[in-house]
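**Q** Below is one structure. I have some questions about it.
Computed from the coordinates by the stated procedures, all read-outs in this text should not be read as laboratory data. A quick note: this is a predicted structure, and the numbers were derived from the prediction, not measured. For neighbour counting, all protein chains shown are included, and Cβ atoms are generated from backbone atoms with ideal geometry for every residue, glycine included.
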Amino acid sequence: MATDANLDEGYDPHAVQDRWLPVWDRLDLNRAGRRAGAEKRYVLDMFPYPSGDLHMGHAEAWGIADVVARYWMRQGYDVLHPTGWDSFGLPAENAAIKRGEHPAQYTYANIEVQAESFRRYGISFDWSTRLHTSDPEYYRWTQWLFLRFMERGLAYRKNSAVNWCPNDQTVLANEQVVAGKCERCGAEVTKRELTQWYFKITEYADRLLDDMQQLEGKWPDRVLLMQKNWIGRSTGAHVDFAVGDRKVSVFTTRPDTLYGATFFVVAADAALADELVAPEQRAAFETYRAATRKLSDIDRQSTERPKTGVSLGVTATNPLNGEELPVFAADYVLADYGTGAIMAVPAHDQRDLDFAKAFDLPVRVVVDTGEDDPAVTGVATAGDGALVNSGPLDGLRKAEAIEQAIDILAARGTGEKAVNYRLRDWLLSRQRFWGTPIPVVHCPVHGEVAVPDDQLPVRLPDDMKGADLRPQGQSPLASNEAWVNTTCPTCGGPATRDTDTMDTFVDSSWYYLRYPSQGYEDGPFDVDKVREWLPVDQYVGGVEHAILHLLYSRFFTKVLHDMGMLDFVEPFASLMNQGQVINQGKAMSKSLGNGVDLGSQLSQYGVDAVRLTIIGAGPPEDDIDWATMSPGGTLKWLNRVLRLTDDVVALAGDDRDVVVDKVVAKAVDEVTRLIESHRLNVAIARFHELVNALRRSADTAPKPAGSLRDGVTALAVMLSTYAPYTAEEVWSRLGHDVEAGDSVHDSSWPTADPELLVDDAVTCVVQVAGKVRDKLEVSPDIAEDELRALALASSRVQEYLGGKEPRAVIVRPPRLVNVVPG
RNA sequence: GCCCCCGUAGCCCAACCGGCAGAGGCACGCGACUCAAACUCGCGCCAGUGUGGGUUCGACUCCCACCGGGGGCACCA
């Protein structure tokens, strides 16, 4: 007995799946290079992380990319649709600690489960491309790339306060701190002073911003916007103040307000504050600094919090007017943005005004914006206006004054135009085990020494498991003496290995480059193969990577371009973000207990019904509420397709009906354009229409067998992109010998005869005062004059005109006439 | 606080450059088939596009304001 009574009669999707899957495996239809000589296309999903089996979200993302891949194959392109796993990372390590295993066990077991699920789900992967970032053959090249970055000064080590996740016991990149919490586990992030490896992504800030021009219209606007905001370019000036005999520079976007500066603030946790503090203020400063360091990022970044600070007991000299400004240390100034010090202009900056109020400092208006005095209202005025109280700047507008101020500063050698970025360098060290080891040796004589290329990979030890991996605040590798102790590649003397591993986002920043030459041993990738296949024509993935993976990959691509290894500067020509699959209005989660298991959906409705339901639910980027979907209805429709097929196959003869031919041509034409424009859900509606039309014709004499057979054939080919199993079944029932290699997945996309797309007559709407009053059947190429005359001759139009002359007649042949009464 | 996106039948969604608001589906109702039901086939049902204004011969579409929902950034000088 089937679980669903409906399945007893009609379509059994499982039998169809079991029938075709082994045949496809044998036919090997998805191998890149199969259509040698044809134009190449590269379709890619953001590769999966192997935690457990596939879920509904995977079903959507890979379903979407698979439609594109299969569509391009039908169109005759040579398609690369590869797969791999982003297989380093914390969940495997945590599972290993819990189970007393090596992380590789969990990782590779899950990969096998997911691989089998992908296969069953009918994804058109070229399995020969398969890679795993945790394989030594892969991470060897991650290490190799790191060393190239190091040679170019793009990987460096520095000591600074870094984001620390107390739960995962590791540092985090800025991009992995979301609203003050660890992106992975949600713990509140704290700060730690540590020496860590960084990638100098800030050196590419301008290019990351400027090259986005190439992506406009091809990437979702919101992703581009998020990246733009994240990079956060600000233009302004560096202004040099004098503190005693020391020069202290600040960054400001408002050099025009220099005359309004009434105090000066240094970030309390910046080294600069420690260096400037006067002896009599040192005790107070250190107390304050200690308190600052205890704050979590969340507390510290709250704008609600009252301003706090402490005087450093020194003054800074304003380079424009020579005024001596009191210097404070405060936590509202960030140590790692700009120079870690600011000139405070309370009249025109809200934060400075709040501080001035708290410390009873003067507020001096220097831009007359026409608003009330900030000293009275407590609201800083940041808008445009005329400069006042500003010596040579008086009377200028804001923009002019900014330029003028910079000119004056530059002439005096006390400042210059400057650009600053919100983007910080990418902190890549992680104090965890299951990642790519950083290929550096620390020698007491020679310092940081790169491991020579011919000694790569620096392998992870395979004798560590379970409790050995427990986080201790430093990498578990540090406790493995046999691994740590080595010799210096330069002098041969005793040395130690760097015990940190790389952020897994390093692994995923270049994987798409290796697919075309997976297994290549002379470099991370075969430059010629990359030239053939890259950039990726269609990338598909979640919007959660808008500023993590996507920004990092763009950075890597630009560096590799500069190294002469790539011809292009943007890795992903087109990007689609799929939405989330939710349930009953909420994200699926264990705590809510509203999870929908993909496996059980597949066993209940079959692969094709689930694929069609997910993709048909709405635009790819929209969230899908599974509670509102009916895969059962989709299964019934697939059943309908098969019944139609059987009925049509049973018809004898080759009779044609031009009406049917037109319906088919129109469906082909529209589906083609809909898939091209990524409106994948609407294409499914066209499938329904086509089936309805063919059904009607098959039920009505004279039943044009030839036209119907062609219609079902076109349907099978188009449907092969969404519902690969059912389409193959239809194809087979139409008489194709799939086992012998005549698969629908090796067929060609149907073409629509342009003559069949032309309508003999179209309906012209005739409006009077914008309201539809009549309809005319006219020739599609009717002339404007003729149509006007026809419309005005309409008795209904005359009726509504009531004998008056029309004031205007708007004619848009052949579809519309609007008569405007006088 | 700043910025972005979205509001169309009971529900999910279509509607090209501004030109007949409805393609498709779910649910529901009726009919045919059936001893009856299920399945299947056919037919039907329901909104004037969140609200208010503006531009236009004509607005779901463009502009402004507001309401509601979602998202991004958030002490970045």
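**Q** Taking H placed 1.01 Å from N in the peptide plane, check which residues at least 5 places from residue A:32 or on another chain put their amide H under 5 Å from its amide H.
**A** A:81
**Q** If I take the Cα coordinates of region A:444-576 and project them onto the principal axes, what are the three extents in Å, biggest first?
**A** Projected onto its principal axes, the Cα set of region A:444-576 covers 48, 33, 26 Å.
**Q** Would you work out if chain A is rounded, prolate or oblate? Take a ≥ b ≥ c from the square roots of the eigenvalues of the alpha-carbon gyration tensor; rounded if a/c is under 1.5, else prolate when a/b is larger than b/c, oblate otherwise.
**A** It comes out oblate by the Cα gyration axes.
**Q** Still on this structure, please answer the following. Counting other beta carbons within 10 Å of each residue's own, what order do A:336, A:737 fall into, fewest first?
**A** A:737, A:336
**Q** Right, next: Expressed in nm to one decimal, what extension gain is obtained for the pair residue A:422 and residue A:23 from 0.36 nm per residue of sequence separation less their Cα-Cα distance?
**A** Net length gain for the segment: 138.2 nm.
**Q** Is it possible to state the helix-based mean residue ellipticity at 222 nm for chain A, with each DSSP H run of 4+ residues giving -39500 (n - 2.57), the sum divided by total residues, to the nearest 500 deg cm²/dmol? What is it?
**A** Rounded to the nearest 500, it is -11000 deg cm²/dmol.
**Q** Can you list the HN-Hα couplings for region A:206-217, worked out from phi with the Karplus curve (6.51, -1.76, 1.60; θ = phi - 60°), rounded to whole Hz and with x for Gly and Pro?
**A** Result, rounded to whole Hz: 4, 6, 4, 6, 5, 5, 4, 3, 5, 9, 4, x.
**Q** Something else now. Just want the ordering: A:343, A:588, from fewest to most Cβ atoms lying within 10 Å of their own Cβ.
**A** A:588, A:343
**Q** Using θ = phi - 60° and the Karplus curve 6.51 cos²θ - 1.76 cosθ + 1.60, what whole-Hz ³J(HN,Hα) does each residue of region A:742-756 get, with Gly and Pro shown as x?
**A** With the stated coefficients, region A:742-756 comes to 8, 8, 4, 7, 10, 8, 10, 4, x, 10, 9, 5, x, 5, 6 Hz.
**Q** By its C-alpha gyration tensor, with a ≥ b ≥ c as the square roots of the eigenvalues, how is region A:665-747 shaped: rounded for a/c under 1.5, else prolate for a/b larger than b/c, else oblate?
**A** oblate
**Q** Would you mind checking which residues have amide H under 5 Å from residue A:328's amide H? H placed 1.01 Å from N; only 5 or more apart, or other chain.
**A** For residue A:328, whose amide H was placed from the backbone, the distant partners under 5 Å are A:264, A:265, A:266, A:312.
**Q** Given an 8 Å cut-off on Cα distances and at least 6 residues of separation, report the relative contact order of region A:526-628 as a percent.
**A** Across region A:526-628, relative contact order equals 29 percent.
**Q** Right, another one. For chain A, what is the relative contact order in percent, using Cα pairs closer than 8 Å and at least 6 residues apart in sequence?
**A** Taking the mean separation of contacting Cα pairs over the length of chain A, I get 14 percent.
**Q** Could you tell me the number of lysine pairs in region A:153-282 with C-alpha atoms less than 18 Å from each other, where the two lysines are 8 or more residues apart or belong to different chains?
**A** Close lysine pairs found across region A:153-282: 5.
**Q** Where a Cα-Cα gap under 21 Å defines reach, which lysines qualify for residue A:98, not counting those fewer than 8 residues away within the same chain?
**A** Answer for residue A:98, where 21 Å is the Cα cut-off: A:465, A:590, listed by chain and number.
**Q** Related question: Excluding same-chain residues fewer than 8 positions from residue A:703, which lysines have a Cα within less than 30 Å of its Cα?
**A** Within the straight-line limit of under 30 Å, residue A:703 reaches these lysines: A:636, A:662, A:666.
**Q** Also, quick follow-up: Which of the three applies to region A:568-693, rounded, prolate or oblate, going by the alpha-carbon gyration tensor with a ≥ b ≥ c and a/c under 1.5 meaning rounded?
**A** Judged from the Cα gyration tensor, region A:568-693 comes out oblate (a/c at least 1.5, b/c at or above a/b).
**Q** Using the number of other C-beta atoms within 10 angstrom as an exposure proxy, rank A:718, A:563, A:212 with the fewest first.
**A** The order, fewest Cβ neighbours first, is A:563, A:212, A:718.
**Q** I would also like to ask the following. Report, by chain and number, residues whose modeled amide H sits under 5 Å from the one on residue A:422, excluding near sequence neighbours (fewer than 5 apart, same chain).
**A** Hits under the 5 Å cutoff: A:232, A:233, A:234.
**Q** Can I ask one more? What translational diffusion coefficient, to the nearest whole µm²/s, does region A:1-160 have by Stokes-Einstein, given a Kirkwood radius computed over alpha-carbon pairs, a temperature of 4 °C and 1.567 mPa s viscosity?
**A** Estimated diffusion coefficient is 69 µm²/s.
**Q** Let me ask you something else. At a Cα cut-off below 19 Å, give the lysines reachable from residue A:357, other chains included and same-chain residues fewer than 8 away excluded.
**A** A:307
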